[in-house]
Each structure stands twice: as C-alpha cells, then as structure tokens.
Amino acid sequence: MQAHPLRLFPGDDLRVALEDVLRQAKVPAAFVIQGIGSLSVAQLRFAGNEDPTELRDDLEILTLAGSISFDGAHLHMSVADPRGRVFGGHVGRGCTVRTTAEILLALLPEHHFSRERDLSSGFIELVIRNGPPME
C-alpha cells in the first residue's frame, strides 16, 4: 500500500480527478481514506434514488471515502451547507471544488478491483483480486 496525499484546486471535478489519478499512476486499485475541503456544487445520489441531487452553495466536505478502480469510483461523501445542514450520499460527476479538496488515497498496486454484477444484490459491486489485472 502506498499513501498518496492529493490536493485538488478550484474548478476541479472531484470524482473525475480521483479517477484520473489511478489512470495516471497506472495503479488498478485504491481507497479514498478521507477527504476534506469545499465545493460550490455537489452531485449526491441519496439512498434509494436513481439520479443525483444537485446542491449549489458554499459547501464543506465533512467526509469522503470509497474505492476507485479502472472501472470507476464508488465514493460516499457528506457535506454541510452554510446553515449547518448535512447531506450525504453517493458522489456523482460534477462535484466542483470551491477552494480546495485535501484527500488521502491508499494506492494498492498489488490488487486489482473490478465492478461486476452481483447476482445476490442485483447491482454492480466491487470484486477484489490479488495480482495484476486480468487481460
């Protein structure tokens, strides 16, 4: 496991930037250990909903965690608005960094993550394998 601290900048798309880190590092698996910072736009898919809800405000990232693979990311985040209301859910594309996002990734070059349909849940779920990606 390799610790990989990361700072994102104003205007960055949070999810796209995290997925790009894996591609650039050529590492097939990572976990987001934690993230803090601020957003001007959050795209969060709340439990039981098909589509994300867009929040526009000065938002503070309270928590950010999840897994990332070449197949994409499965991230959860909680944010607070200026009134202290907290919202949380799945992170969609279009979460725009307002001032900064400080994130700690755990890169896992000895593992390979993929997303495959799980017959028991009916959803695309994480599959973890040791070793390099299967060709």
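The values are calculated or read from the model by the stated rules, or taken from the named source; none is laboratory data. Since the model is a prediction, treat every value here as computed from it, not as a measurement. Positions of Cβ are generated from backbone atoms using ideal geometry, with glycine treated the same way; all protein chains shown enter the neighbour counts.
Within this structure, Leu108 passes the test of being closer than 18 Å to Ala3 by Cβ, crowded, with 18+ Cβ neighbours inside 10 Å and modelled with pLDDT of 95 or more.
Just for segment 64-73: of the residues that are hydrophobic (A, V, I, L, M, F, W, C) and assigned to a strand (DSSP E or B), which one is surrounded by the fewest Cβ atoms within 10 Å (Cβ to Cβ)? Of everything passing the filter in segment 64-73, Ala65 is surrounded by the fewest Cβ atoms within 10 Å (Cβ to Cβ). Of all residues in segment 6-48, those satisfying the criterion of being in a loop (DSSP other than H, G, I, E, B) and either touching a helix residue (DSSP H, G or I) at 6+ places or on another chain (Cβ under 6 Å) or touching a residue at least 24 places away in the same chain (Cβ under 8 Å) (or both) are Phe9, Pro10, Gly11, Asp12, Val27, Pro28, Phe46, Ala47.
Of all residues in segment 87-106, those satisfying the criterion of being of a type outside the set (D, E, K, R), touching a Pro at 6+ places or on another chain (Cβ under 9 Å), under 16 Å from Ser38 (Cβ atoms) and assigned to a strand (DSSP E or B) are Val91, Thr96, Val97, Thr99, Thr100, Ile103.
The set of residues from segment 23-42 being surrounded by fewer than 21 Cβ atoms within 10 Å (Cβ to Cβ), out of contact with any Gly (no Cβ under 9 Å at 6 or more places or on another chain) and of a type in the set (A, V, I, L, M) comprises Ala25, Ile33, Ile36.
Scoring His76 on the criteria (1) in a strand (DSSP E or B); (2) more than 19 Å from Gln24 (Cβ to Cβ); (3) in contact (Cβ under 8 Å) with a residue 60 or more places away in the chain leaves a single failure, condition (3). Against the conditions (1) in contact with a Leu (Cβ under 9 Å, 6 or more places away or on another chain); (2) within 19 Å of Leu22 (Cα to Cα); (3) part of a loop (DSSP other than H, G, I, E, B), Pro109 satisfies every one except (1).
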